[in-house]
Amino acid sequence: MSEPHQVPHLVDRLQDHTSTIFTEMSALALQHGAVNLGQGAPDFSGPTEVLEAAVTAIRDGANQYAPGHGVRPLRQAIADHQLRRYGLTWDPDTEVTVTAGATEAIWSAITGLCEAGDEVIAFAPWYDSYAAVAAMSGARLVEVALRAPDRRVEADALRAAVTPRTRLLVVNSPHNPTGRVLDAAERQSIADIAVEHDLIVLTDEVYEHLTFDAATHVPLASLPGMRERTISVSSAGKTFSVTGWKVGWACAPAALTAVVRTPKQWSTFCNATPFQFAVAAGLALPDDWFDDYRADYALRRDRLCGGLETAGFDVVWPQGTYFALFDARQLGADDGLALCRQLPREGGVAAIPVRVFHHDAARDLPWLRLAFCKELSAIDEGVARLAAWRDTHA
């Protein structure tokens, strides 16, 4: 979240969540014609097969309400994809739910599981919706820091955060905004603690297909003792470059699926009927397509991170996602949020300050998140503008 302002009539528990940093920074980018390396929205469209499937579905009349838990072809495609990629078996009728993006899946899970006084553990920096949704439920978000420079999960810190009030553990890997991908030891330590304390785990896996080099995404639900306690969330927006479609899903055992579906039916009920058929076509694409997708983003990562290094900057090369972390002190600034409010107007670049993804604003104060889900020309221009800013201000 960005710095909140008081909204008359709004309940107290949401006064700290009156605006999102993504809305603020994207508006500044648009206002000043800045290169938007902030919001994680690609500036190109997805695969032709997926786009054409959406057009066909519209023309074929798939324009009315879908079943509340999603059209059968998409639920089956999600189940098939999970089995093919990870060896996980989910019943498409009782264990797969289609949602309005991963955000609604997260909202439905937390809303259905948590109430006033409960605690939700998340690794910080966290994706900002976790804190907002916990607040909507009256729960308290407890953060466990992923500390620079390694940003690894510290098992002792996670174990110490668990209390009798802990209701849910949220795990995001590949991790936004740090770009870390959990390794085998981290996955096992999380699983051990979850089993030891009988925790329900919500896994945010929207960047599941974006890992680089030797990093590999392995769902926590595939570990012994985890399937029965895990709600696995993903979406189509990042994988198929269709973030505006807002098609996500949650896979969970039937008892937890019922939890997700209950609040969901009273929010959107259903969403994006023709796009659901298109996403089903996307998930059925051959493995070669997903390999090419990952290779294409590896090129964009290399373009951003390599370009910054060539320009004389240090940058943290991510293991996954389409974000990289950058230290604002290299631009002569100690406060990433203040700099991000200056850069669109004065430097022609929009970025996201990592400090807003913590309860403690002093944590990760100088760090910026830069997105490389952009055309190569935009990445090059963004790097050039950052270097020009440094040369005149640092």
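Only the coordinates and a few stated rules stand behind these numbers; no lab work does. Note that this is a predicted model, so its numbers are computed, not measured. A quick note on method: Cβ atoms are made from the backbone with ideal geometry, for glycine too, and the neighbour counts reach across all protein chains shown.
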Put one equal scatterer on each alpha carbon of segment 48-285, apply the Debye formula with no solvent term, and list log10 I(q)/I(0) at q = 0.14, 0.17 1/Å to two decimals. -0.86, -1.26
Summing -39500 (n - 2.57) over every DSSP H run of at least 4 residues in the chain and dividing by its residue count gives a helix-only mean residue ellipticity at 222 nm, to the nearest 500 deg cm²/dmol, of -12500 deg cm²/dmol
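Taking K and R as +1 and D and E as -1, what net charge do the other residues with C-beta under 9 Å from the C-beta of VAL120 add up to? Write down the numbers at each step before the final one.
Values: positive: ARG140, ARG167; negative: ASP118, GLU119.
Residues near VAL120 contribute 0 overall.
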Of GLN276, GLN76, THR97, which is farthest on the positive side of the dipole of segment 48-285, counting Cα position, with +1 on Lys and Arg Cβ, -1 on Asp and Glu Cβ, and the Cα centre as origin? GLN276
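Would you mind putting 137-145, 270-278, 24-32 in packing order, based on average other-beta-carbon counts within 10 Å, highest first?
Values: 137-145: 19.1, 270-278: 23.1, 24-32: 17.2.
The most tightly packed comes first, giving 270-278, 137-145, 24-32.
For segment 108-170, what is the charge dipole size about the Cα centre, in debye to the nearest 20, if Lys and Arg each add +1 at the Cβ and Asp and Glu each add -1 at the Cβ?
Numbers: 7 positive and 8 negative charges, 18 e Å.
For this selection, approximately 80 debye.
Quick check for me: using +1 on Lys/Arg Cβ and -1 on Asp/Glu Cβ, what's the dipole size of segment 278-394 about its Cα centre, in debye to the nearest 20? Could you put the intermediate results ahead of the total?
Values: 13 positive and 18 negative charges, 87 e Å.
That gives segment 278-394 a dipole magnitude of about 420 debye.
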Electrostatic dipole magnitude of the chain [Cβ: Lys, Arg +1; Asp, Glu -1; Cα centre; debye, to 20]: 500
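Over segment 48-285, calculate the relative contact order: mean separation of alpha carbon pairs under 8 Å at least 6 apart, over the residue count, as a percent.
Values: 468 pairs, mean separation 74.2, N = 238.
Dividing the mean separation by the residue count of segment 48-285 yields 31 percent.
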